[in-house]
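Here is the structure we will look at.
The values are calculated or read from the model by the stated rules, or taken from the named source; none is laboratory data. Quick caveat, the model's predicted, so the values are computed rather than measured. Cβ atoms come from the backbone with ideal geometry, glycine included; neighbour counts cover every protein chain shown.
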Amino acid sequence: MQRHLEQDLDGLKSAIIRMASSVEQAVGDSLVGLTEPRPERVQSVFQLEDRINAFEVEIDDLVVDLLALRQPVAADLRMILAALKINNDLERIGDHAVNIAESARSLRRDPPPSFPHELRRMAEAAQTMLRDAVDGFVHNAPSLCGEVLRHDDVVDDLNRTVVRHLADLIRRDPEGLEPALQLMRVSRNLERIADHATNIAEEVIFMADARVVKHGAEHDMRGEGSEPRIALPRKK
Amino acid sequence: MRLRIVAGDWPAALFTGVASAATVSMLLVVSLLLLKGGWGTLSLEFLIAAPKNGMTEGGVFPAIVGTVLLVLVMSLVAVPLGTATAFYLHEYTGLHSRRVEMFRFVIRALAGIPAIVFGLFGLAFFVNFMGGNLDVLGGLEQGPRWGQPNLLWAGMTMALLTLPVVIVTVEESLSAVPREARETSFALGASKLATLRSVVLPQALPGILTAAILAVSRGAGEVAPIMFTGAAYYVPEIPGALTDQFMELGYHLYVMATQSTDVQATAGIQHATAFLLLVLTGALNLSAVLLRARIRARRWR
Amino acid sequence: MTPPGRVHPKIITEDLSVSFGETEALRGVSLRIPGNRVTVLIGPSGCGKTTLLRSLNRLNELTPGAHRTGRILIDGVEIHGPEVDPTELRRRVGMIFQKSNPFPQSIYENVAYGPRLNGVRSRAQLDEVIESSLRVVGLWDEVRGHLRSSALALSGGQQQRLCIARALAVGPEVLLMDEPATALDPAATGRIEDLIYELKSSVTIVMVTHNLQQAARVSDVTAFLYRGRLVEADLTRTMFTSPRMPETEGYITGRFG
């Protein structure tokens, strides 16, 4: 009985890992397609999208099975719940990669005068955040995720800068509206990817440490802090 | 469910069936032989009249009464004493303590003593020692009262004989009362005494009655222990007090068979007496069994 | 509901150790059991949870060779103190056993046993106690018509509820339950669990079970024992989502025991 649980949990974990790998690849391909003339990369993003969606369905199924049939508790339960949420975040990231890919196509046809350098920094940051969060999950290492949370603010700032910048550009040069809008779209989607990567990091921290660190506040699930202990201290 | 005897089963079935049949038929044969020999003698008069004419005529009524009284006295002594002992051994001592082992040894030894030895012991201890001393206390002017064979001493001697059986049987029935029943009673806040009285004793009651049945079976049949302690050959009046001697069917039979002046004439009476003894033992057993069944049934209402 | 850890402890064990002859069953167990809550004792076979339970009503003393060190306090009073009468203690601390064991008597007699021990003689009073006890366990409507019939004719689940009624009739403050639903089917188990939930507002419940889902469903506080030691005790919610000790984690996820 116990072996099956282990196998199922491993299966769930590896499904997440494979999905994350596809998602990372999609994000990478979409960003490459943005800056270089590589239409085949852009095309691959759309193909990966199908695979990512299939993963999402498969992982949801695995989670339902585990919850209904195995009554998991403690660390097992936390891993499964984390996997469920990470599944969702990864699928969204995939969607955002698709959006970036579409913008890449559009920008190929109608290029902008220049690429804001913030975008490159945002792209690097988003990809790093995603990779670190997923690594954190793979190795059950919440320490990797600490950085991710901090980077999110940086990316948010960058997004605001880019949008402001592009807004100015549009006002000065109305002809360049379309490309500017596309660039804004890219920036927004990168910011969303960073957000989702942050969510993944928060889930990993919950999974590993039973700490809920959402929305800026922290809440330790292990008992209420000032509770009198149920067990008396052991005499040494 | 009746299982059909499968091919390979038949030797076992045959063997056990034959053994059972042999046992039952032995009883039947004895009963029939006795019946045949005593048929002419058995009559209402036989049952309710006293012996006449040197035991060659009349009935055995006093012996019947004596036998019943003997069994009664014996049971009244053996069953409570044996039950109390069993309770002590089972409920109040540790399971394998030295004391318990000693007790068990003594009980086993007691069970192995031949009946005649009990008879002699009864004579020496109950009749002479205890009876004699009671007489001394009571004053010898009235002549020996306790210091001779009587119903009481015979009954107590028999009780001693059957005591091991009673103890062992009651102890077994106490073991059959599940440990949880006692624990539950304690857990409800009952003292040990209350638990024994209200929980253990009622559940052990069928076992106690079984012990009584077994004691009765032995008591009605033994002759050697009562020969010197209370039974007499010719006491036509029914015993009116514990100090009286009494006639007893088994003893009567023995004396008639061995010492009668005219064995041929009493042959019919002997057969009839033996058959009567069989019937009486059976009836005593049966009544105890019925009583036990009634108690069991009442529980399941 | 006030969190169980904040409730005043009804029972406290301090460094409790129990051994039977050479075998150590409990070692240095220090535990606080909150009042009017359900505390469950879990652990693999032989971990000492039943021994701990039976220490709380001094039932272990009936086993020859039992030896105890350490203290147990109920409402601050040491239960092994010289002024404490064990039979009186057992009226305040009742016990339900694993296999239901009604006395082979009528339903009425079973429930009346305890009150009669306490000196309740009047028929009216007995009737009242019996009715209310049977109502609490949800048996009244089922048996009111045949209180004089044998308790052994009831189903397993009914018998167990009868045993609970029997224990409640004495008016205990604490109820110790040793795997009360182990021998029952799921429907009967569910009724017992519902009953436990209702009872805890009036009685402190300490329960042993080897069914972890039941422990999670029913209890407020969970204590995990292993090889005679108390490994960890905490709110049930915490024990089942993020226990501190790896042994606890291993046991409740089913990786051993």
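Among residues of the stretch C:59-115 being of a type in the set (Ser, Thr, Tyr) and at the interface with chain B (Cβ under 9 Å from one of its Cβ atoms), the one that is surrounded by the most Cβ atoms within 10 Å (Cβ to Cβ) is C:113.
For the stretch B:216-240, residues that are over 13 Å from residue B:65 (Cα atoms) and not in a loop (DSSP other than H, G, I, E, B) total 9.
Note on the stretch C:20-49: residues that are surrounded by fewer than 21 Cβ atoms within 10 Å (Cβ to Cβ) and either within 14 Å of chain A (Cβ to nearest Cβ) or of a type in the set (S, T, N, Q) (or both) total 8. Residue-level check: of (1) more than 14 Å from chain C (Cβ to nearest Cβ); (2) in contact with a helix residue (DSSP H, G or I) (Cβ under 6 Å, 6 or more places away or on another chain); (3) modelled with pLDDT of 80 or more, residue B:258 misses just (2).
Restricted to the stretch C:218-257, and to residues there that are charged (D, E, K, R) and assigned to a helix (DSSP H, G or I), the residue that is farthest from the other protein chains (Cβ to nearest Cβ) is C:247. Criterion applied to B:210, B:169, B:157, B:162 was being assigned to a helix (DSSP H, G or I), touching a Lys or Arg at 6+ places or on another chain (Cβ under 6 Å), touching a residue at least 24 places away in the same chain (Cβ under 8 Å) and farther than 30 Å from residue C:88 by Cα, and the one residue passing it is B:162. Residues that are under 30 Å from residue C:57 (Cβ atoms) and either surrounded by 16 or more Cβ atoms within 10 Å (Cβ to Cβ) or out of contact with any Asp or Glu (no Cβ under 8 Å at 6 or more places or on another chain) (or both) are absent from the stretch B:155-162. Would you confirm whether any residue within the stretch C:124-139 is of a type in the set (Val, Ile, Thr) and either facing chain B (nearest Cβ under 10 Å) or over 29 Å from residue C:208 (Cβ atoms) (or both)? No, the stretch C:124-139 has no match at all. Figure legend. Inter-residue proximity from the stretch B:276-297: first residues under 29 Å from residue B:36 (Cβ atoms), second residues surrounded by fewer than 18 Cβ atoms within 10 Å (Cβ to Cβ) and at pLDDT 85 or above, beta-carbon distance below 7 Å, spacing 6+ or different chains. Indicated pairs: B:278/B:31. Note on the stretch A:22-51: residues that are in contact (Cβ under 8 Å) with a residue 40 or more places away in the chain and either out of contact with any Leu (no Cβ under 6 Å at 6 or more places or on another chain) or within 30 Å of residue A:75 (Cβ to Cβ) (or both) amount to 18.
Among residues of the stretch A:136-153 that are among the hydroxyl-bearing types (Ser, Thr, Tyr), those with a Cβ under 8 angstrom from a residue that is in a helix (DSSP H, G or I), sequence gap 6+ or separate chain, pair up as A:143/A:136.
Out of the residues in the stretch A:135-157 meeting the condition of being outside any helix (DSSP H, G or I) and of a type outside the set (Gly, Ala, Ser), tell me which one is farthest from residue A:213 (Cα to Cα).
Ranking the candidates gives A:140 first.
Scanning for something away from chain A (no Cβ under 13 Å), among the acidic types (Asp, Glu) and touching a strand residue (DSSP E or B) at 6+ places or on another chain (Cβ under 8 Å), does the stretch C:168-177 turn up at least one residue? Yes, the conditions are met somewhere in the stretch C:168-177. Take the residues in the stretch C:116-169 that are over 28 Å from residue C:89 (Cα atoms) and hydroxyl-bearing (Ser, Thr, Tyr), then tell me which one is surrounded by the fewest Cβ atoms within 10 Å (Cβ to Cβ). Applying the filter and picking the extreme gives C:155. List every residue pair whose Cβ atoms lie under 8 Å apart, where the two residues are 6 or more positions apart in sequence or sit on different chains, the first residue falls within the stretch C:7-21 and is at pLDDT below 95, and the second residue, located anywhere, is of a type in the set (Val, Ile, Thr) and outside any strand (DSSP E or B). So the pair list comes out as C:20/C:63. Among what's in the stretch C:190-217 and is over 30 Å from residue C:17 (Cβ atoms) and not in a helix (DSSP H, G or I), pick the residue that is nearest to the other protein chains (Cβ to nearest Cβ). Per the criteria, the residue is C:202.
Residue check: residue B:281 meets all listed conditions (1) within 14 Å of chain C (Cβ to nearest Cβ); (2) part of a helix (DSSP H, G or I) but one, namely (1). Residue A:120 meets each of the listed conditions (1) crowded, with 17+ Cβ neighbours inside 10 Å; (2) closer than 30 Å to residue A:176 by Cβ apart from (1). In the stretch B:100-115, the condition of being modelled with pLDDT under 90 and within 14 Å of chain C (Cβ to nearest Cβ) is met by at least one residue. Listed by position, the helices (runs of 4 or more DSSP H) contained in the stretch B:45-135 that have at least 1 residues being among the acidic types (Asp, Glu) are B:98-112.
Scanning the stretch B:172-179 turns up no residue that is within 14 Å of chain C (Cβ to nearest Cβ), under 30 Å from residue C:103 (Cβ atoms), assigned to a helix (DSSP H, G or I) and touching a strand residue (DSSP E or B) at 6+ places or on another chain (Cβ under 9 Å).
Out of A:76, A:89, A:65, one residue alone is part of a helix (DSSP H, G or I), in contact with a helix residue (DSSP H, G or I) (Cβ under 8 Å, 6 or more places away or on another chain) and at pLDDT 95 or above. It is A:89. Criterion applied to C:183, C:187, C:153 was being at the interface with another protein chain (Cβ under 10 Å from one of its Cβ atoms) and at pLDDT below 95, and the one residue passing it is C:153. What are the residue pairs meeting all of these: first residue in the stretch C:226-254, first residue small (Gly, Ala, Ser), second residue part of a loop (DSSP other than H, G, I, E, B) and at pLDDT 90 or above, Cβ atoms under 8 Å, and 6 or more apart or on different chains? So the pair list comes out as C:228/C:47; C:228/C:48.
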